[in-house]
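Enquirer: This is the structure I have questions about; it appears just below.
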Ligand code: DC
C-alpha cells in the first residue's frame with residue numbers, strides 16, 4: 001500500500017481535533033494527535049515537581065529523557081510515558097494552562113519533531129494533527145489542510161466541550177486564554193503556527209463538524225486519488 005500522510009494544522013478550537021480522527025476513520029488511515037505529545041510532557045513535568053514556566057532547562061531534560069509512546073491498539077491511541085498511562089491528564093486545566101510554555105521550547109520541539117517523524121515512518125498511512133505538521137514535520141505530505149475559525153467561535157466551542165465533559169466553563173476566560181495561546185503559538189521562533197503555502201485553508205466558523213468533515217474527505221480523495229482504498 002502506498003504511503004499517505006495527511007496533515008491538519010490550525011489553532012485551538014478550529015475544529016481540527018474533532019475532525020482529524022473521524023477523517024482518519026473514513027479514509028482508513030491511522031491518526032496522530034501531536035498536541036497530546038506536548039500535553040504529555042507538560043503533565044509529566046507537573047506530576048514530577050518540574051515547573052513548566054520557571055524551569056525550561058528541566059523541562060527540556062524531561063522531554064529528552066522520557067520514553068513516550070502511543071498504544072496503537074486503542075482508538076484513540078492512549079499516551080504512555082515511562083510506562084504510565086497519562087491520557088486522563090492531557091485535558092486537565094493545569095496542563096492546558098502550561099502547555100504553550102512547554103511547546104515554545106526549541107529543545108522540546110526538537111525531540112517531539114524527531115519522534116513524530118519516526119512515527120510517520122512506522123505508520124506511513126496517517127492523518128496527523130497539530131500546528132507544524134505540514135510546515136515542519138512532514139513538508140512533503142501528499143495532502144495538507146489548515147483549519148481556522150474566529151477566536152470567538154473557537155472559545156464558544158471549547159466552552160461547550162468542557163461543559164459536555166461536566167466541567168465549568170467561563171467563555172470570557174477561555175477567549176482570553178485562546179488569544180494568549182494563539183499569540184504564543186504563532187510568534188515562537190521554532191515551528192510557529194503558520195498556514196503552509198501548499199495547504200488547503202478552510203475557515204470553519206460558519207460550518208458544522210459534518211460539513212467540515214465532508215469537505216476534508218472530498219479534498220483528500222481528490223488529491224490522494226488511488227492512495228485511498230476505502
Ligand atoms: O492541539 P492542542 O490544544 O492539544 O495543543 C496543545 C499545545 O501544544 C498548544 O499550545 C499548541 C502546541 N502544539 C504545538 O506547538 N505543536 C504541535 N504540533 C501540536 C501542539
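Enquirer: Multiplying the sequence separation of residue 152 and residue 85 by 0.36 nm and subtracting their Cα-Cα distance, what value in nm do you get?
Expert: Values: separation 67, 0.36 × 67 = 24.12 nm, distance 3.34 nm.
Extra length from residue 152 to residue 85 when fully extended: 20.8 nm.
Enquirer: Compare 144, 16, 152 in a GNM of the chain, Cα atoms joined below 10 Å, and give the one with the largest fluctuation.
Expert: 152
Enquirer: Still on this structure, I have one more. What nm distance separates the two modelled labels at residue 142 and residue 106, each placed 7 Å from Cα along Cα→Cβ?
Expert: Each label point is offset 7 Å from its Cα along the Cβ direction, giving 3.5 nm.
Enquirer: Where does region 161-203 land on Rg/Rh, using Cα atoms and the Kirkwood Rh?
Expert: On the way: Rg = 14.4 Å, Rh = 12.8 Å.
In region 161-203, Rg relative to Rh is 1.13.
Enquirer: Restricting to Cα pairs below 8 Å that are 6+ residues apart, what does the relative contact order work out to for the chain? Please round to a whole percent. Before the final figure, lay out each step's value.
Expert: On the way: 355 pairs, mean separation 79.1, N = 230.
Answer for the chain is 34 percent.
Enquirer: Can you put 58, 226, 89, 160 in order, fewest other beta carbons within 10 Å first? Numbers along the way, then the final one.
Expert: Values: 58 15, 226 7, 89 19, 160 12.
Result, fewest neighbours first: 226, 160, 58, 89.
Enquirer: So what is the relative contact order for region 130-226, in percent, with contacts set as C-alpha pairs under 8 Å and at least six apart? Could you put the intermediate results ahead of the total?
Expert: Values: 83 pairs, mean separation 40.1, N = 97.
Contact order relative to length: 41 percent.
Enquirer: So, one more: Dividing the alpha-carbon radius of gyration of region 174-230 by 2.2 N^0.38 Å (N being the number of residues), what value is obtained? Could you put the intermediate results ahead of the total?
Expert: Working: Rg = 15.4 Å, N = 57, 2.2 N^0.38 = 10.2 Å.
After normalising by residue count via 2.2 N^0.38 Å, the value is 1.51.
Enquirer: Provide the percentage of antiparallel DSSP beta bridges, counting only those with both residues in the chain; round to the nearest 5. Before the final figure, lay out the partial values.
Expert: Values: 6 of 24 bridges.
Percentage antiparallel, nearest 5: 25.
Enquirer: Find how many whole Å separate the alpha carbon centroid of region 154-230 from the alpha carbon centroid of region 46-124.
Expert: 20 Å
Enquirer: To continue, here is another question. Sorting 129, 222, 30, 211 on the 10 Å Cβ count, fewest up front, what's the list?
Expert: Numbers: 129 26, 222 10, 30 19, 211 14.
Ordered from fewest to most neighbouring Cβ atoms within 10 Å, 129, 222, 30, 211 come out as 222, 211, 30, 129.
Enquirer: Give the value in nm², to one decimal: projected area of the alpha carbon convex hull of the chain, averaged over all directions.
Expert: 12.0 nm²
Enquirer: Tell me the mean residue ellipticity at 222 nm calculated for the chain from its helices only (DSSP H runs of n ≥ 4, each -39500 (n - 2.57), averaged over every residue, nearest 500).
Expert: Numbers: 8 runs with 111 residues, N = 230.
Here the helix-only value at 222 nm equals -15500 deg cm²/dmol.
FYI, it's all coordinate maths here, none of it is from the lab. Treat the numbers as computed from the prediction; the structure is a model and nothing was measured. Note: ideal-geometry Cβ built from the backbone for every residue, glycine included; neighbour counts use all protein chains shown.
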